[in-house]
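Presented below is the structure to which this report refers.
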Number of protein chains: 2
Amino acid sequence: MQSNTYYRSHTCGELRMSDAGVEVTLSGWVHRSRDLGGMTFVDLRDRHGITQLVFNMESNADLCMAARKLGREFVIQAIGKVAERSNKNAQLPTGDVEILVESFTILNASELPPFTMDDETDGGEELRMRYRYLDLRRPQMQQRLMLRANMLKAVREYLDNEGFVEIETPNLIKSTPEGARDFLVPSRLQPGLFYALPQSPQILKQLLMVSGMDRYYQIAKCFRDEDLRGDRQPEFTQIDCEMSFVRQEDVWNMFEGMTKHVFKKVKNIELPDFKRLPYREAIKYYGSDKPDLRFDCKINDLNDVVAGSEFGVFNNIINTNGLIAGINAKGCSEYSRKQIDELTEFVKAPQRGAGGLIYIKFGQDGSIKSSMDKFFTPERLQEIGNACGAGKGDLVLIVADKEKKTRKVLGELRLEMAKRENWIDKNAWSVFWVVDMPLFEPDEETGEPIFAHHPFCATHPDDVAYMDSDPLRVRAQSYDLVMNGNEILSGSIRIHNKEQQEKVFKILGFSEEEKERRFGFMVNAFKYGAPPHGGCAFGFDRWVMLMAGGETIRDVIPFPKNNNGRDMMMDAPGEVDNDQLKIVGVQLL
Amino acid sequence: MQSNTYYRSHTCGELRMSDAGVEVTLSGWVHRSRDLGGMTFVDLRDRHGITQLVFNMESNADLCMAARKLGREFVIQAIGKVAERSNKNAQLPTGDVEILVESFTILNASELPPFTMDDETDGGEELRMRYRYLDLRRPQMQQRLMLRANMLKAVREYLDNEGFVEIETPNLIKSTPEGARDFLVPSRLQPGLFYALPQSPQILKQLLMVSGMDRYYQIAKCFRDEDLRGDRQPEFTQIDCEMSFVRQEDVWNMFEGMTKHVFKKVKNIELPDFKRLPYREAIKYYGSDKPDLRFDCKINDLNDVVAGSEFGVFNNIINTNGLIAGINAKGCSEYSRKQIDELTEFVKAPQRGAGGLIYIKFGQDGSIKSSMDKFFTPERLQEIGNACGAGKGDLVLIVADKEKKTRKVLGELRLEMAKRENWIDKNAWSVFWVVDMPLFEPDEETGEPIFAHHPFCATHPDDVAYMDSDPLRVRAQSYDLVMNGNEILSGSIRIHNKEQQEKVFKILGFSEEEKERRFGFMVNAFKYGAPPHGGCAFGFDRWVMLMAGGETIRDVIPFPKNNNGRDMMMDAPGEVDNDQLKIVGVQLL
């Protein structure tokens, strides 16, 4: 690294005891200063670290007086000798030394910043977003940006080594009338027409496979104009990959390898081989297609165990093909009335909508208490407990509803219990494949099959027979990678065969005209020898967030937007002249 | 590299004599096939190469018959044994071997493609653009995309090693009312407001320096909605870099190092150290700020040499502070009347607009002929020749006009002569810095100073004194890197000091309100301790084009747009529903 410039001979994170006696030049920001009368100490900061500067009143009073006037965040250049510190700071890599300053220059003054540049800053999120350039001075944020860059580097290292070619696809692409989440870009050269920003390079990467590029990757900016519920951004980054002449196993091996490589390189963690969990099992046992498996706690089906009781609620559920199921909250038998009530409120909250929550407490003393003990003998309650794997000291929580809802609610309840009971080891990593995702899902309103992922996913070879008779039963060659309860990758083997593609379009009920308009150039491309191919895309922001221990993807995006899609720092989006709109052929409504 | 998949054990570029006898599986496209009666040969192609498959009528008639039916661009998987070829092909890395095919599968059929997949294809540009996915199957295009990826890899290798952090800046940024070349993106969440796509990350990278990120880079997509004269694209790729605590020398050394690294890695060429040519000299001697120095041929000022003649045209020019200057076209003394006329037409063409062209031919026999020999004695013509460095056999070409035009026209004429006379060695590389660019340039209409590069360029320290008295004389700390007559990098040291920035805004005549609206958040950021910083951006597409020997940047962009900004393959831009427009708050004019 070339670092001996006029402005600095070393960074603020570089000097050690072995440099003692060396004359150095440092540049950086005044992080903090302390004036002890005879001595003034200044912590000089850059992104590499902090080095202590010392000014001595006795040896140079003028210089020391000048140093006392340095304000927070002033940019200075200091020249001096490296010396051993009498009062060493083991917290800092540079903590054994200090600089006895001989001269310094103020490169730039600073007004008093609106918050401190510490990890534990006094600035709230809105203020920090407005002054993001100052927020990014906080060591934590600098480390996050560097982590992000290091992850990208490890990703590229692996993919380059595996013969992937990095290829840039365009950002100004075709808008489709149905692309309701497309960001539109009016064309000036062809007024009245619009480009769209890509929601993903899906079609283009498949065309690159048609073109024979074999192994492609791109760190791709993607754009989606949707309500920013939850932790979403209108623009986000994908590690987008595609391979030709592969089956699912090949893709899994390749990207399992990549994920392990990144963990090893960036965190020095050796991940064990990834489990491959069928989608149906994920739903059955964890009520989620992205379960958090850093803790156990499965969903246990209880219809058979509870059948034939006097409990009308259960009998109704059984008779209407609903599901009674429970989880075992280990060690929670002593939960109070209030705690049980809180859990009941949790499952009944509108976004979950369960009718209620049934509990069985298995006391340490062998006692059994339940909200349904008038319908079940202690022996039968024990049987239910056994079915859930509960023993003395445990609490069984039961939901009875339509199957889908029971599983979903219990899936969320197990997460809630894990949070309450601290079941999750913060240093644990759970990374595994969810495979055999459904090809179609029922439209929420009409019940008709709509594509679950996108209409180019290949059918699971064992399920081809059900394509006509029972499309909703058909599994796709489609998979996700789940990390600590987050989907961080989604992918599939694609259809490369014209006839199979036509069949899917037919099931989806696309008219000839709709097919042509939405996918015309792609269908056309596939006439000229499309190879078997498949791939995936990582949600890179989320992966970085998990690795960085951040709470939202905003923590790892240099200049994010808020929940209104607004960049608080730049104050974007903004107003535009009518003249400027006229040039691109539009006007405000 | 993991390559032993179900579909292939090797690529089509991999097998050698040392593999003879091995059973292999290859997959690829049928590039060409020849049927010699007893034998059928199929060239199987992937992006790694071509391998010959052999089918023998004698040993397996059915298989051979089936192979005969394979059409061009069919995708097949073939299993067989590697064998030595009797008829070796030295042109192919795999040319020593062939595969004795034992079985094959058609993975996908192909319709007859609209052009051949050869470097010398029969498809015209429009057709190839429409079927870009097929165009990209041509070996030349595949090599270009791989070259592009290799260059990126070398760039990152160097920058990572030098401590640069790759940081992504947003693509949905602030639109400014003056940003006439901005692509606009209407906001759905805030109807009536607009984002803009970035013309470059200039301001954001400077804010990253304010945030202390020190050394930043990004392979950045940039967008400019302008007429696509010449070789431009509405979206293009920059290698965008910025450094803190640097002076010009530091930036030059860093990116000279990077350029050399890329040449070494990708082409195994060791470039010599780059010359640093002051802008004024580039204009004076070559009439261009991006001269092609693969050949010499300087512009020679002749006012002093031709003064005091009877030639009214020259005297007028001298009296009105114009410039008479000439170039020496070495070895062209035998140019015919017709050739001289062509050159005269060239300089008089509307885009150049010279009044005419004067010549002096210095014959091999010592004779001197000139279009102005009635005004100058042979001795004085010889003096002019001497001033231009002309000897026997040479042709001096003279233009007399306003200084700027004389230099521009002669600059273009020297390029034209180089083309006509093949002065340029196609394997030569000329890479050098043009430094000390002007800070301002006169507005073409008003003559008032406008910024030459952007309003954040720092002043040359020697010229600060002229800021008020003669701003157009002031040089900036601004530089370009010129490669074979193309500007491939542009950069500067930026102003980090509030007062200097205010001074520049004042000279540019910006009102307080205009300043606030256009640069408000940036000016604000600079109050909090901006470090000295500078950087540059490479025009990556052009650099790749030069390295690939392409003729336009479209040759090295996977999915380019045509001169109307249209993607012929996707048929973008396209029409959009009124409903969709309504959602984002606009309507067509």
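The values are calculated or read from the model by the stated rules, or taken from the named source; none is laboratory data. The structure presented is a predicted model; accordingly, all values stated were derived computationally and were not measured. So basically every Cβ, Gly included, is an ideal-geometry build from the backbone, and we count neighbours across all protein chains shown.
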(request) Can you run down the residue pairs with Cβ atoms below 7 Å, 6 or more apart or on separate chains, where the first is in the range B:154-167 and within 11 Å of A:Lys153 (Cα to Cα) and within 7 Å of chain A (Cβ to nearest Cβ) and the partner is assigned to a strand (DSSP E or B) and of a type in the set (Phe, Trp, Tyr)? (result) B:Val165/B:Tyr216; B:Glu166/B:Tyr217
(request) Could you tell me whether any residue of the range B:272-285 is over 23 Å from B:Asp425 (Cβ atoms), in contact with a strand residue (DSSP E or B) (Cβ under 8 Å, 6 or more places away or on another chain) and of a type outside the set (Lys, Arg)? (result) yes
(message) All but one of (1) within 23 Å of A:Gly549 (Cα to Cα); (2) of a type in the set (Asp, Glu); (3) crowded, with 23+ Cβ neighbours inside 10 Å hold for A:Glu126; state the number of the condition that does not hold.
(response) (3)
(message) If I ask for residues that are over 13 Å from B:Pro93 (Cβ atoms), outside any strand (DSSP E or B) and out of contact with any Lys or Arg (no Cβ under 8 Å at 6 or more places or on another chain), which ones from the range B:8-39 would you list?
(response) B:Arg8, B:Ser9, B:Ala20, B:Leu36, B:Gly37, B:Gly38
(request) Looking at (1) under 15 Å from B:Ser478 (Cα atoms); (2) assigned to a helix (DSSP H, G or I), find the lone condition where B:Asp304 falls short. (result) (1)
(request) Could you give me the residue pairs with C-beta distances under 9 Å whose first residue belongs to the range B:105-117 and is among the hydroxyl-bearing types (Ser, Thr, Tyr), whose second residue is exposed (fewer than 15 other Cβ atoms within 10 Å of the Cβ) wherever it lies, and which are 6+ apart or on separate chains? (result) B:Ser110/B:Gly71; B:Thr116/B:Asp122
(request) Scan B:Asp301, B:Asp292 and give me the residue that is closer than 26 Å to B:Met258 by Cβ and either touching a helix residue (DSSP H, G or I) at 6+ places or on another chain (Cβ under 8 Å) or crowded, with 16+ Cβ neighbours inside 10 Å (or both). (result) B:Asp292
(request) Looking at (1) in contact (Cβ under 8 Å) with a residue 60 or more places away in the chain; (2) over 20 Å from B:Gln233 (Cβ atoms); (3) surrounded by 23 or more Cβ atoms within 10 Å (Cβ to Cβ); (4) of a type outside the set (Phe, Trp, Tyr), find the lone condition where B:Gly565 falls short. (result) (2)
(request) Identify, from the list A:Val586, A:Val504, the residue that is over 13 Å from the mean Cα position of the chain (by Cα), more than 9 Å from chain B (Cβ to nearest Cβ), more than 30 Å from B:Glu168 (Cα to Cα) and not acidic (Asp, Glu). (result) A:Val504
(request) Please find, among B:Pro438, B:Pro471, the residue that is assigned by TED's automatic domain parsing to the domain that holds B:Cys536, buried (at least 18 other Cβ atoms within 10 Å of the Cβ), closer than 21 Å to B:Asp301 by Cβ and touching a residue at least 12 places away in the same chain (Cβ under 8 Å). (result) B:Pro438
(request) Can you confirm whether the range B:207-214 contains a residue that is within 7 Å of chain A (Cβ to nearest Cβ) and surrounded by fewer than 22 Cβ atoms within 10 Å (Cβ to Cβ)? (result) no
(request) Identify, by number, the condition in (1) touching a residue at least 60 places away in the same chain (Cβ under 8 Å); (2) within 14 Å of chain A (Cβ to nearest Cβ) that B:Thr552 doesn't meet. (result) (2)
(request) Output the residues belonging to the range A:526-544 that are of a type in the set (Lys, Arg) and either in contact with a Gly (Cβ under 6 Å, 6 or more places away or on another chain) or within 14 Å of chain B (Cβ to nearest Cβ) (or both). (result) A:Lys527
(message) Condition first: closer than 15 Å to A:Met570 by Cα, surrounded by fewer than 23 Cβ atoms within 10 Å (Cβ to Cβ) and within 7 Å of another protein chain (Cβ to nearest Cβ). Can you find one or more residues in the range B:176-183 that meet it?
(response) yes
(message) Being more than 34 Å from the chain's Cα centre (by Cα) and at pLDDT below 95 is true for just one of A:Asp365, A:Asp373. Which residue is that?
(response) A:Asp373
(message) Among the listed residues A:Leu63, A:Leu134, identify the single one that is on the phi < 0 side of the Ramachandran plot and surrounded by fewer than 20 Cβ atoms within 10 Å (Cβ to Cβ).
(response) A:Leu63
(request) Confirm whether B:Val523 is more than 9 Å from chain A (Cβ to nearest Cβ), touching a helix residue (DSSP H, G or I) at 6+ places or on another chain (Cβ under 8 Å) and closer than 30 Å to B:Asn427 by Cα. (result) no
(message) facing chain B (nearest Cβ under 8 Å) and either under 26 Å from the mean Cα position of the chain (by Cα) or not charged (D, E, K, R) (or both): is that true of A:Leu147 in this structure?
(response) no
